[in-house]
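Participant: Next up is a structure, given as structure tokens.
Only the coordinates and a few stated rules stand behind these numbers; no lab work does. Just so it is clear, the model here is predicted, and its values are computed rather than measured. So basically every Cβ, Gly included, is an ideal-geometry build from the backbone, and we count neighbours across all protein chains shown.
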Amino acid sequence: MDITRYDVVIIGGGAAGLSAATTLSRALRSVLVIDSGAPRNAPATGVHGYLSRDGMSPRELLSIGRSEVLSYGAKIIDGEAVSARRTTEGFEVILGDARRFSGRRLLVTTGLTDGLPPIDGLQEQWGRGVVHCPYCHGWEIRGKRIGVLGTGPMSVHQALLFRQWSPDITLFLNDTVEPTEEEWDKLSARSIKVVDGAVASVDAVNGVLTGLTLRQGSSFDIQALAVGTRMEARSALLESLGLSTQVHPMGVGRFIETDATGATAVQGVYAAGNVSNLMAQVITAAAEGVMTSARINADLIEEETRWAVEGRFGPFSAASEAAVSTIVQGLAHHRRRASGVSSWAP
């Protein structure tokens, strides 16, 4: 019989969600991961800043992560969770194809979307010649002619940051950014060129970025373009539970607010990764998934202990006991076989 009730339902199968699923499964929790298959970093050629996985393609990283999750008995399904509601036994998650799954706790790790300015050729170069994070892409474009597209209040900071990777930086104000007097002094001191005027297009030849052109006609030869995107948390499911996004203090987008453990304002609902931390790199999101899953497990233990003290059974007790027994026996048998030890005992 297909299980539709779980200790924890995780919405989002990226680094945060898979790390959480692994940790919770190792804690003998029944876990379901629902993944829509649209990772934020899909356009990138490789993941960087992830110890022991530097340069690995995002798809390969997720494939390995999925295998690890499944090895501990969790379940992963492909689908889009469109809404959720509280029930007497926890939460019910509804998918776009009308499937429904229940969990005592919800963890949302749906990530974010990067909003790009409507400039010709920009989207086509996203993740290739157009980048956003120096710690993700700086090494690959070190020493090149780098342009920084003005998109908001952090663009001057971004130009100063990329100056560490190249002496040839040009900030394009794009009729959007107006540096303060102090910022002008900093740009000048670091020999960062500044170009006024709106950008009309990002230019490429045979798929390789070659420069950009202003609306007034001037063209500039650059080899990479840094863009500060408008980062918006994928929050639709959380909003169906009454939560709303908050404006980021740095003005770079909107996020779901949580406490230090990943708990949201709705009891029993947690969030981790880019949906709640817009600045998180892949390895940071994975770490947050582990930390939040540990808090979820502690929360479940507290609830189960309270049930035990009160002398009653929780809504998932029978199924949970059976599931845990199956997992423990299956893993023990697998490890005995792997080590060459007989499963027979006198």
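Participant: Using mean Cβ contacts within 10 Å as the protection proxy, how do 193-204, 100-111 order, highest first?
Facilitator: Ranked from most to least packed, the peptides come out as 100-111, 193-204.
Participant: Which distance in nm do the two modelled labels at THR305 and THR261 give, with both placed 7 Å along the Cα-to-Cβ direction?
Facilitator: 1.1
Participant: Here is a follow-up. Can you give me the span-like helices of the chain, meaning DSSP H runs with 24 Å or more of Cα extent along the axis and Kyte-Doolittle mean at or above 1.6?
Facilitator: The qualifying helices: there are none.
Participant: Report the full-extension gain for the segment GLN123 to ALA42: residue separation times 0.36 nm, less the Cα-Cα distance, to one decimal in nm.
Facilitator: 27.8 nm
Participant: Quick check: residue separation of GLU239 and SER57 times 0.36 nm, minus the Cα distance between them. What number comes out in nm?
Facilitator: My answer for the length gained is 62.3 nm.
Participant: Once both labels are modelled 7 Å past Cα along the beta-carbon direction, what's the GLU178-VAL195 spacing in nm?
Facilitator: 2.3
Participant: Can you pull the Rg over Rh of region 117-227, Cα-only, Kirkwood?
Facilitator: Using only Cα positions, Rg/Rh for region 117-227 is 0.93.
Participant: Would you mind checking the radius of gyration and Dmax of region 11-73 based on alpha-carbon positions, in Å?
Facilitator: Cα-based Rg and Dmax for region 11-73 come out at 11.9, 35 Å.
Participant: Take the chain, connect every pair of alpha-carbon atoms lying under 10 Å apart with a spring to form a Gaussian network, then pick out the residue of ARG29, ARG295, ARG66 with the largest mean-square fluctuation.
Facilitator: Result for the chain, Cα springs under 10 Å: ARG295 fluctuates most.
Participant: Would you mind calculating the gained length between ASP221 and ALA298 on full extension (0.36 nm times residue separation, minus the Cα-Cα distance), in nm to one decimal?
Facilitator: The span from ASP221 to ALA298 would gain 22.2 nm if fully extended.
Participant: In nm, give the distance between the simple-model label positions of GLU89 and THR210, each being 7 Å from the Cα along the Cα-to-Cβ direction.
Facilitator: With each label point 7 Å from Cα toward Cβ, the separation is 6.3 nm.
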